[in-house]
1. Taking θ as phi - 60°, what are the ³J(HN,Hα) couplings along the range B:152-166 by the Karplus curve (6.51, -1.76, 1.60), each to the nearest whole Hz, with x for Gly and Pro?
2. Please work out the FRET efficiency for the pair A:ASP27 and A:HIS180, using the Cβ-Cβ distance as r and a Förster radius of 51 Å; give the result to the nearest 0.05.
3. Could you list which residues have their amide H under 5 Å from that of A:ASP165, counting only those 5 or more apart in sequence or on another chain, with H placed in the peptide plane?
4. Hey, can you grab everything whose amide H is under 5 Å from the amide H of A:ARG5? Only 5+ residues off in sequence or another chain; H modelled, so Pro and N-termini drop out.
5. Using each residue's phi in the range A:176-189, evaluate 6.51 cos²θ - 1.76 cosθ + 1.60 at θ = phi - 60° and report the 3J(HN,Hα) Karplus result to the nearest Hz, with x for Gly and Pro.
6. How high is the relative contact order of the range A:154-208, in percent, with contacts defined as C-alpha pairs under 8 Å that are six or more residues apart?
7. For the range A:1-75, which trypsin sites (Lys or Arg not before Pro) are both in a DSSP coil and crowded by at most 15 other Cβ atoms within 10 Å?
8. Amide H to amide H, which residues 5 or more places from B:MET59 or on other chains are under 5 Å from it, using H placed in the peptide plane?
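Where a number appears in this text, it was derived from the coordinates with a stated rule and is not lab data. These numbers come from a predicted model, not from an experiment. Heads up, the Cβs are rebuilt from the backbone with ideal geometry, glycines too, and the neighbour counts pull from every protein chain shown.
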2 protein chains.
Amino acid sequence: MKEIRVLLVDDHQIIIDGIGALLNSTDGIKLLNAASNGKEALEILKILSVDVVLMDIDMPIMNGLDAAKQMKRNHPDTKIIMLSMHSEQSMIRELIQMGVDGYLLKNTTKEELVNAIKKVNGGGQYFSAEVTLRLMETQAERAQHQVEGVELTNREIEILKLIADGYTNKEIGVKLFISHRTVDSHRTNLMKKLEVNNVAGLINYAIRHGFLT
Amino acid sequence: MKEIRVLLVDDHQIIIDGIGALLNSTDGIKLLNAASNGKEALEILKILSVDVVLMDIDMPIMNGLDAAKQMKRNHPDTKIIMLSMHSEQSMIRELIQMGVDGYLLKNTTKEELVNAIKKVNGGGQYFSAEVTLRLMETQAERAQHQVEGVELTNREIEILKLIADGYTNKEIGVKLFISHRTVDSHRTNLMKKLEVNNVAGLINYAIRHGFLT
DNA sequence: ATCAAATTAGGGTAAATACCCTATGTGATT
DNA sequence: AATCACATAGGGTATTTACCCTAATTTGAT
């Protein structure tokens with residue numbers, strides 16, 4: 001039987017080493033190069049033939065979300081499993097709509113990981129039980145702000161980071177040499193785009209999308 | 001030469017499996033049971049003799065910070081290496097003052113990990129280069145709110161979570177059947193305890209200490 | 001039984017945010 | 001030339017937060 005060619009994408013070297021050690025001792029799975037962010041992963045996909053991409057969501061330079069989007073466009077046959085260290089409630093729906101084939105939460109075991117890789121390689125989907133649960137809960141309870149396809153401008157991201165760092169509009173204005181009213185405008189636009197209505201919502205978004213180190 | 005007995009503490013099963021696979025293939029290191037939170041780890045320490053504890057900071061039930069504090073009190077000979085997935089700026093000083101023997105950031109390699117374990121087992125300290133750098137930067141630039149030995153009450157933690165979820169004082173009051181002025185009192189106390197002065201600071205604390213799933 | 005901590009709650013005020021609105025300049029695209 | 005996205009900025013207002021203060025009640029521990 002042909003080996004499943006797996007590309008590992010994670011900015012945590014220790015996880016690459018760890019999962020690498022796990023998968024290399026598994027028959028039927030061949031681990032290719034590892035990439036430390038989405039951009040690198042896309043470069044590798046241009047060169048190598050990959051069956052399954054195992055990718056973290058939170059990464060610098062290019063996050064897993066954007067990377068998955070591009071991969072599905074350029075390499076529709078390559079399967080993608082997202083491996084998330086947090087449990088991002090609202091993002092899961094977006095990923096599924098995007099066509100991601102699997103989603104594993106942090107408390108995955110070696111067995112589940114191997115199982116998931118084999119399943120998606122065979123054309124199936126694999127979502128851990130916790131994800132499925134959370135999905136239904138999201139559907140039922142929450143107003144589920146999906147915020148699909150939202151794009152923030154550079155200035156907005158810059159200001160979002162400063163808000164998350166605890167600076168007030170006035171302080172941000174001084175820092176960026178603009179009026180605090182302008183900062184307020186950006187803040188309002190951010191909240192409208194992200195469908196939240198206070199600073200807590202903004203920060204939660206910033207965290208989920210890796211704007212905070 | 002005697003093997004180094006290592007206890008792994010992490011709530012991410014995949015990391016336990018991964019690092020487990022790494023360390024089991026390393027001569028001179030014997031991996032004991034793994035624990036998924038600080039409380040479990042302390043239970044294991046009561047029973048087994050452990051040379052080095054390798055522990056994540058963000059964990060449910062009992063986080064790495066509190067666990068390390070207790071370990072240093074009850075088992076002063078056991079060495080502790082903190083393994084952090086984020087890069088928490090302000091926490092590092094606190095850990096060092098607490099007597100933690102090593103601190104590794106997420107982008108650690110297998111080599112560095114093994115190196116660190118051997119070094120602290122021999123009575124030394126090991127801090128990754130990035131940590132040292134960040135430490136000096138913290139010392140120079142930031143106001144470095146250390147917040148050492150701060151303890152939050154159950155009610156405070158409950159309210160902190162709700163604030164981080166984006167609820168206003170009024171909404172929290174309705175939820176908990178108390179006056180919004182009481183919520184404000186708790187909010188004020190939280191900010192005083194944590195030495196921050198707005199909701200962003202509170203949320204950042206909540207995240208660093210794993211109060212947010 | 002007593003004491004300390006936790007939780008409750010309010011008075012008062014200044015600052016900041018949230019949320020409407022309009023409007024201008026700039027640079028890229030068509 | 002016209003359009004559009006972006007960044008800029010202000011008017012106005014209601015709400016919320018931040019930060020002082022005091023104080024009563026509850027709860028748990030010695």
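1. In residue order, the calculated couplings are 9, 7, 4, 4, 4, 5, 4, 6, 4, 4, 5, 4, 5, 7, x Hz.
2. Numbers: r = 62 Å, r/R0 = 1.21.
Plugging the Cβ-Cβ distance into 1/(1 + (r/R0)^6) gives 0.25.
3. none
4. When sequence neighbours closer than 5 places are left aside, the close amide H contacts are A:LYS30, A:ASP51, A:VAL52.
5. Ordered by residue, 3J(HN,Hα) equals 9, 6, 10, 6, 5, 6, 5, 4, 4, 4, 4, 4, 4, 4 Hz.
6. On the way: 45 pairs, mean separation 19.9, N = 55.
In percent, rounded to a whole number, it is 36.
7. Working: sites: A:LYS2, A:ARG5, A:LYS30, A:LYS39, A:LYS46, A:LYS69, A:LYS72, A:ARG73; in loops: A:LYS2.
Answer in residue order: A:LYS2.
8. Amide H neighbours of B:MET59, under 5 Å, 5+ apart: B:GLY64.
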